[in-house]
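The values are calculated or read from the model by the stated rules, or taken from the named source; none is laboratory data. Here the structure is a predicted model, which means the values were calculated and not measured. FYI the Cβ positions are ideal-geometry reconstructions off the backbone, even for glycines, and counts take in every protein chain you see. Accessible surface is based on the protein model in full, side chains and every heavy atom, while ligands, DNA and RNA are left aside. Shrake-Rupley method; radii C 1.70, N 1.55, O 1.52, S 1.80 Å.
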Amino acid sequence: MKGMRLLVIGTRWPPETFITRKLQGLAARGFDVTVATTSAGSEARVEGVQLRRMPSWDAPAPVRLARLASLLPVAVRSRRYLTAAWGQGESFGERLSWVNRLLPLAEMEADIVHFEWNLAAVAYLPLFDLFRGPIVVSCRGAHVQIAPHNPERASSTSNISLTFEKAAAVHSGSADMVVQA
């Protein structure tokens, strides 16, 4: 697997210890590991892992507009991603939010995309149809066993099963988790 490019999306930075160890192990075995995250809380380094900061949508409007303007060259080169992002929202603001979320991924080179968390996969659902390689989803704890039963999280959990259908592989830490999913 030497030289295989792995893009991990939707985990915080720095990641949980068990995820950090897994990423370091993959890097030590020759994988080119990149983590793309909006929640980069520190500049912590993880040996063998590259960090790509994704633009957050939680900023004042002028900052968000400046970030979107910086994505214009990517939008020109990656019309498929722009079209898919624009088609996601109902309002103008929602559409801009999707452009902000998907366009930075258009130029990240990867052979495999991995979502460490189910709800991150739901948040990037259009990527399943855009990315040309396999996408893997990890199935863990509260996202499968608790969140779907919380009416306040219905909008974010309603598409969990769809991510399982679209994923090339689903990773689970236990047999019980598979049953729950």
* When all C-alpha to C-alpha distances in the stretch 69-111 are sorted into bins of 5 Å, what percent of pairs does each bin hold, rounded to whole numbers? -> 6, 26, 33, 23, 9, 3, 1
* To the nearest 0.05, how large is the calculated FRET efficiency for Thr17 and Leu72 if R₀ is 45 Å and r is the Cβ-Cβ distance? -> 0.70
* To do: Provide the per-residue ³J(HN,Hα) series for the stretch 62-68, in order, calculated from phi with Karplus coefficients 6.51, -1.76, 1.60 and θ = phi - 60°, each as a whole number of Hz, with x at glycine and proline positions.
  => x, 5, 4, 5, 5, 5, 5
* What is the gain in length, in nm to one decimal, between Leu130 and Leu65 on full extension, counting 0.36 nm per residue of separation less the C-alpha to C-alpha distance? -> 21.0 nm
* Taking the Cβ of Glu16 as the centre, find all other residues whose Cβ is under 15 Å away and add up their charges (Lys, Arg: +1; Asp, Glu: -1). => +3
* Structure fact -> In the stretch 1-145 the accessible area split gives carbon plus sulfur, as whole percent at 1.4 Å, a share of 54 percent
* Asked: If the chain between Ala169 and Arg95 were fully stretched, how many nm would it gain, using 0.36 nm times the residue separation less the Cα-Cα distance?
  -> 23.7 nm
* Exactly which GluC sites (Glu not before Pro) in the stretch 73-138 are in a DSSP loop and have at most 12 other Cβ atoms within 10 Å? -> Glu90, Glu107, Glu109
